[in-house]
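Below you'll find the structure, written out as structure tokens, and then a few comments.
The values are calculated or read from the model by the stated rules, or taken from the named source; none is laboratory data. Values in this document were obtained by computation on a predicted structure and should not be read as measured data. Cβ sites come from the backbone with ideal geometry, for glycine too, and all protein chains shown count toward neighbours. The area values use the complete protein model at the heavy-atom level, side chains included, leaving out ligands, DNA and RNA. Shrake-Rupley method; radii C 1.70, N 1.55, O 1.52, S 1.80 Å.
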Amino acid sequence: MLLKLLFGSKNERYIKRLRPMVARINALEPDMLKLSDADFPARIAAWKEEVRNGRKVDDLLPEVFALVREAGKRVLNMRHFDVQLVGGIALHEGNIAEMKTGEGKTLVATLPVVLNALSGKGVHVVTVNDYLAKRDAAWMGRLYGFLGLTTGVIVHGLSDQERQESYGADITYGTNNEFGFDYLRDNMKFYKESLVQRDLHFAIVDEVDSILIDEARTPLIISGPAEMSTQLYRRVDTVIPPLKRSSPRPANLPQGEDFIPDGDFEVDEKARTVTLTDQGVERVEKLLGIDNLFDPTNMTLQHHVLQGLKAHHLFKRDVDYIVKDGQVVIVDEFTGRLMPGRRYSDGLHQALEAKENVTVEAENQTLASITFQNYFRMYDKLAGMTGTADTESVEFKQIYELDVIVIPTNRPMVRKDHPDMIFRTQPEKFRAIVEEIADCHKRGQPVLVGTVSIEKSELVSGLLKKLGVPHNVLNAKQHEKEAEIVAEAGQKGKVTIATNMAGRGTDIVLGEGVKELGGLHIIGTERHESRRIDNQLRGRSGRQGDPGSSRFYLALDDDLMRLFGSDRISGLMEKLGMEENVPIENKLVSRAIEGSQKRVEGHNFEIRKQLLDFDNVMNQQREVIYSQRRELMYAENLDSIVEEYAQDVLADILGPASEGKDMDPEMAEMVRSRLDEVFDFDRFPGFRRNLPNKTQALAWINETTGALKDAAPDHYQEIARYFTLESLDRNWKDHLLNMDHLRDGIGLRGYGQKDPKQEYKREGFELFRDMLDNIKENTLRALCHLRIKTEVREEEYQHKETAGNLQYAGSADGSDKTKEPKRRVEPKVGRNDPCPCGSGKKYKKCCGAK
Ligand code: ADP
């Protein structure tokens, strides 16, 4: 506190520190004026060379910023303001620059973009939608082009080749979704030539709060049809009916008495959950013929059993769903309407289909997923800009290590933010709102009305229609058209109603004569859960020193007030004595409301942090797998990798026998059969006589791979790469599903005092280790069972890289061959050829059957 008094706030100190730097940039301006247009690209090229030779870009900051400013003037007719230079430095130093709407963030970004592009490693500018990516790239691209730098755009619907070109540019604009999906798609590819992204070097995220906070709760997911057999649902379905439901738990249990359920499972109708009792677990194990339902390898089964129980005991036919034309159709619980095409997630729909004995549709499963948090944390350097970040600065710091720097506005801000108007009920509130809109409209002052939902927008629109007030309604569906309408919102007499998403990133310029009328007036129809969203709405008015005003209208029965308003608010209101249609304006009440917003913000932050804690476990595993993939893709020669796999698998199977220790005959037989299963050792005459030691086994494996090399000298490395990657992807995909189930199940199993997150971490790690073992074993199994009889045609290894629906050519079609050990993997066999296993059937009807 004392420190703050003496030296100003941290923010002030930061900005003060930058003053000499800004002065230096200003001092360079006369020199820049003298440059000819051709000097600009020449300078940039020379600096690029210097940076390549080891010069730090930080050293070049003043010169580069001065050059970019001059270029802005010549090409765009905009000279970066001093505060924009400050914003640019803050971004370069990896911070979040909070700059109000209309302060010119698009232009600010050009400064650090050019400076960091000198490294040649690519700079990404991230926007919230395709429209903005295209607009900003075209707009600022002129400046970059003038400097001899290339600009690319990544939007929806581009081909891989176009993406490669865009990512290859010095500067790349694109949306968060596209950047994230490209990362995931790249990590599903087989050939390094088809990768589109380069290393993630520097990103500036525009509207950073929307992307890193609002959208943080929904991860990016690429999914494809699950390969898991739908038969499993049927199998599990048969064990459900014999299970006995426990009698309900008594409401009051005598003290010190434990409730012992008398059946196989318990149902909690209120919580909509089902749990197996100890006795139930035993019965299920017996019925399914397995040892331990909670063994990690039975994770899927366990999940199916719980879904089966739910399907039979929580979901009622003709209430929750109906069966129509051989399909299970959901009934909406609120409206009672049928919802054809919609499916319950997570296998529940399949469980219902099995229960009703109709066709079980294949499930979709996650092939790859990542949260924005984890995607953006991979950049060497990350920066962000937005009009509203300060309220969330703790989260930015804790999760992303980003500081929020509040940049002063270029001109003083004169918008008048009126105190809230508080009504007893919503109808009273909305009546007052439309009256105020009608009044502004009559005077010609433009109004922007912000609502929290499409429904509320329509409500206001309906009321205005009755009054005959013309207006536009926007709800964030078509970005391009919306941007146009929002840009018009500052014209005389305009009334625009928008949900808070609509027309984001578009500046509202005041029309002729509007300044005299008081500028743009903002009406908020209720407070949002987060103050930041309210500030975004307010920020639409009063840009660049324009006049403007704002007011929020609230009612005691608004969601926020109802759910989170403390008793304090209602207490206050009573004291103030509210009357119908008479609003109150009171600082104390407004402050109390802000208090509840802070509480909700804190609560939402906790939820996001929890999610992140879980996701971090996945993230570590993803990093390991993706880096292994890269290694496999880039390795010229996979011999040492295959050898390492062989060592590990042998050590695992041979166990004590690897040191030549004696084994009892039963054990020895088991080892023998495992060795044969994985390595196909039966071909070696010595194998039947004696169990091989590790050296012998390795020699046989080398002989096997050696034969492959001889048969296809030009292709062996690609074949090895193919099987390793294929095995890695298949196991990773299954693992993702297991981890999903583990996470769902973690709450269901009683852990006593244990922390579920720790348990998730521990069990997740075990599953991961098993998966790594499986990858190695599957790879070797495939390689050792492969025979190359004739020349291998290259195209048969071609792997179609369609994300979301991976297809493999040849017989390695992604189906799980390895579960049936004796199957030969024969990439060159045609689907109509005789099967190489010697059955006499066609390949497609035998080993090649899907
Ligand atoms: P923000 O994203 O911060 O809301 P924009 O980047 O959309 O703002 O810019 C708002 C408006 O300000 C644009 O019309 C832009 O042309 C203008 N502008 C920004 N910086 C300058 C400048 N230095 N000189 C002149 N006009 C500027």
Seminar exercise, completed: Surpassing 22 Å at the alpha-carbon level, of the pairs LYS694/LYS733; LYS310/LYS761; LYS189/LYS776; LYS192/LYS381; LYS709/LYS776; LYS310/LYS355, are LYS694/LYS733; LYS310/LYS761; LYS192/LYS381
Problem set entry | Formal net charge of residues neighbouring GLU361 (Cβ-Cβ distance under 9 Å; K, R +1; D, E -1) | -1
Problem set entry | Per residue value of the accessible surface for the chain (all protein chains in place, 1.4 Å probe), Å² | 47
Exercise. Once you sort the root eigenvalues of the Cα gyration tensor of the stretch 53-146 as a ≥ b ≥ c, which label holds: rounded (a/c under 1.5), prolate (a/b larger than b/c) or oblate (the other case)?
Worked result: rounded
For this session: Could you sort 638-650, 517-529 so that the peptide with the highest average Cβ count within 10 Å comes first and the rest follow in order?
Result: 517-529, 638-650
Exercise. Roughly what angle does helix 10-27 make with the longest principal axis of the chain, taking Cα atoms, 0 to 90 degrees, to the nearest 10?
Worked result: 80
Problem set entry | the stretch 509-538 and the stretch 36-100: distance between their alpha carbon centers, rounded to Å | 33
For this session: Any aspartates and glutamates with Cα under 15 Å of the LYS10 Cα? List them, leaving off those in the same chain fewer than 8 positions away.
Result: GLU98, ASP390, ASP403
Problem set entry | Degrees, to the nearest 10: 105-117 long Cα axis against longest axis of the chain | 50
Problem set entry | Anisotropy class of the stretch 434-498 from Cα gyration tensor, a/c 1.5 cut | oblate
Exercise. For the stretch 139-278, which whole percent of the accessible surface, found with a 1.4 angstrom probe, sits on carbon and sulfur atoms?
Worked result: 50
Exercise. Taking 0.36 nm per residue of separation and subtracting the Cα-Cα distance, what length does fully extending GLU50 through ARG762 add?
Worked result: 251.4 nm
For this session: Please give, to one decimal in nm, the separation of the simple spin-label points placed at GLU435 and SER673, each 7 Å out from Cα toward the Cβ.
Result: 8.7
Exercise. Counting alpha carbon pairs within less than 8 Å and at least 6 residues apart, what relative contact order, in whole percent, applies to the chain?
Worked result: 11
For this session: Rank-order 346-357, 677-688 by packing density, defined as the average count of other C-beta atoms within 10 Å over each peptide's residues, highest first.
Result: 346-357, 677-688
Problem set entry | Nearest 10 degrees, 0 to 90: helix 694-711 Cα axis against the chain principal axis | 80
For this session: Ignoring everything but the protein chains, give the 1.4 Å probe accessible area of GLU480 in square angstrom, nearest 10.
Result: 110
Exercise. Shape call for the chain from the C-alpha gyration tensor, a ≥ b ≥ c root eigenvalues: rounded (a/c under 1.5), prolate (a/b greater than b/c) or oblate?
Worked result: oblate
Problem set entry | Environment charge at GLU29 (Cβ cut-off 12 Å; Lys +1, Arg +1, Asp -1, Glu -1) | +1
For this session: Taking all protein chains together and a probe of 1.4 Å, list TRP732, TRP139 from the most accessible to the least accessible.
Result: TRP139, TRP732
Problem set entry | Virtual spin-label span in nm between SER9 and ASP346, 7 Å along Cα→Cβ | 4.2
For this session: Taking 7 Å along the Cα-to-C-beta vector as the label spot, tell me the GLU282-LYS442 distance in nanometres, rounded to one decimal.
Result: 8.2
Exercise. What aspartates and glutamates could a cross-link reach from LYS757, if we take a straight Cα to Cα line under 15 Å and drop same-chain neighbours fewer than 8 places away?
Worked result: GLU606, ASP613, ASP615, ASP740, ASP744, GLU766
Problem set entry | Inter-part distance where the stretch 694-730 and the stretch 195-225 are each reduced to a Cα centre, Å | 37
Problem set entry | At R0 = 51 Å, FRET efficiency that the Cβ-Cβ distance of LYS609 and ALA699 yields, to 0.05 | 0.45
Exercise. So if R0 is 35 Å, what FRET efficiency would THR425 and GLU488 give, r being the distance between their Cβ atoms, rounded to the nearest 0.05?
Worked result: 0.55
Exercise. Put +1 on the Cβ of each Lys and Arg and -1 on the Cβ of each Asp and Glu in the chain; which of HIS349, MET78, VAL452 then has its Cα farthest toward the positive end of the dipole?
Worked result: MET78
Exercise. In what sequence, highest mean first, do 213-220, 386-393 appear when ranked by Cβ atoms within 10 angstrom?
Worked result: 386-393, 213-220
Exercise. So if we plug the beta-carbon distance of GLU666 and ARG599 into 1/(1 + (r/R0)^6) with R0 = 51 Å, what FRET efficiency do we get, rounded to 0.05?
Worked result: 0.20
Exercise. So for the chain: antiparallel DSSP bridges make up what percent, rounded to the nearest 5?
Worked result: 30
